Amino acid sequence: MRRRTNPLSERNIKRIDTRPDAIKQTHGFQVCISREGSLHTKHFSDSLFGGIKGSLKKARSYRDSMLADMPPLEASRIAHTTNAKNKSGHVGISYRKYKTAKGKTTRLIAVSVRAEKGKTISRVYRYTKEDHDKMLAEAIAFREKLLLDRLKREGGVSGIIKAKSPLGVAKKAKKKAAKAVKLTRERKTAKKAAPAKKAAAKPAKKAVKKAKAKGRK
């Protein structure tokens with residue numbers, strides 16, 4: 001069962017309320033801001049700031065002052081990330097396949113994106129070997145657009161957004177995929193040519209050995 005978000009939480013601020021039966025009671029707001037791999041966090045307790053309103057006011061003030069001193073987030077970096085463990089190489093994008101009643105295999109690129117809190121949007125793109133790169137680029141662009149829209153709505157991007165367009169990211173992904181396909185083909189060709197090259201090298205090695213033997217005599 002998924003844990004529900006506290007309704008008092010907001011951007012970069014989490015409401016923390018321990019259970020009534022907990023030994024140590026904690027009630028307050030935790031400010032959490034992530035930048036360049038570092039997490040900046042600070043807790044504001046209700047008991048120290050006169051209740052919920054006072055601790056929330058202090059938390060907001062601290063958050064706003066911290067964000068003012070930090071560089072703005074790059075929307076493209078947040079929206080689109082890669083994952084080497086995923087077969088597609090991209091977070092939120094996976095491959096699926098199934099057989100039809102006639103026995104034919106249908107291949108799909110599945111996209112999953114959290115467009116807003118509590119709402120996930122999914123979409124699939126049917127592809128073949130010929131149009132795989134094009135469909136993957138479309139899937140990436142679709143996911144990134146929805147995440148960028150969410151960031152703008154929720155104020156997750158401060159200052160001027162200097163982000164790459166989804167189309168640009170999609171083109172880059174397409175080039176990368178084409179490069180990978182080319183590299184794979186070159187490796188296969190080299191692998192096929194290796195036995196013939198090795199066989200051609202054997203007579204030359206034998207000739208060298210004979211020449212060395214004659215020189216010793």
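Residues that are assigned by TED's automatic domain parsing to the domain that holds Leu136, more than 19 Å from Ile13 (Cα to Cα) and at pLDDT below 85, at least 2 per element: which strands (runs of 3 or more DSSP E) completely within the range 24-107 meet that?
Filter on the range 24-107 gives 93-99.
Please work out which residue is farthest from Met70 (Cα to Cα), limiting yourself to the range 9-49 and to residues that are of a type in the set (Lys, Arg) and touching a Pro at 6+ places or on another chain (Cβ under 9 Å).
The qualifying residue farthest from Met70 (Cα to Cα) is Arg15.
For (1) aliphatic (A, V, I, L, M); (2) at pLDDT 75 or above; (3) assigned to a helix (DSSP H, G or I); (4) over 19 Å from the mean Cα position of the chain (by Cα), each residue gets a yes or a no:
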{"residue": "Val124", "(1), (2), (3), (4)": "yes, yes, no, no"}
{"residue": "Glu130", "(1), (2), (3), (4)": "no, yes, no, yes"}
{"residue": "Ile160", "(1), (2), (3), (4)": "yes, no, no, yes"}
{"residue": "Ala173", "(1), (2), (3), (4)": "yes, no, yes, no"}
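Do we find that Val113 is at pLDDT below 85 and assigned to a loop (DSSP other than H, G, I, E, B) in this structure?
Against the criterion (at pLDDT below 85 and assigned to a loop (DSSP other than H, G, I, E, B)), Val113 does not qualify.
The values are calculated or read from the model by the stated rules, or taken from the named source; none is laboratory data. Keep in mind that what you see is a predicted model, and the values were worked out from it rather than measured. With ideal geometry, Cβ positions are generated from the backbone for all residues, glycine too; neighbour counts draw on all protein chains shown.
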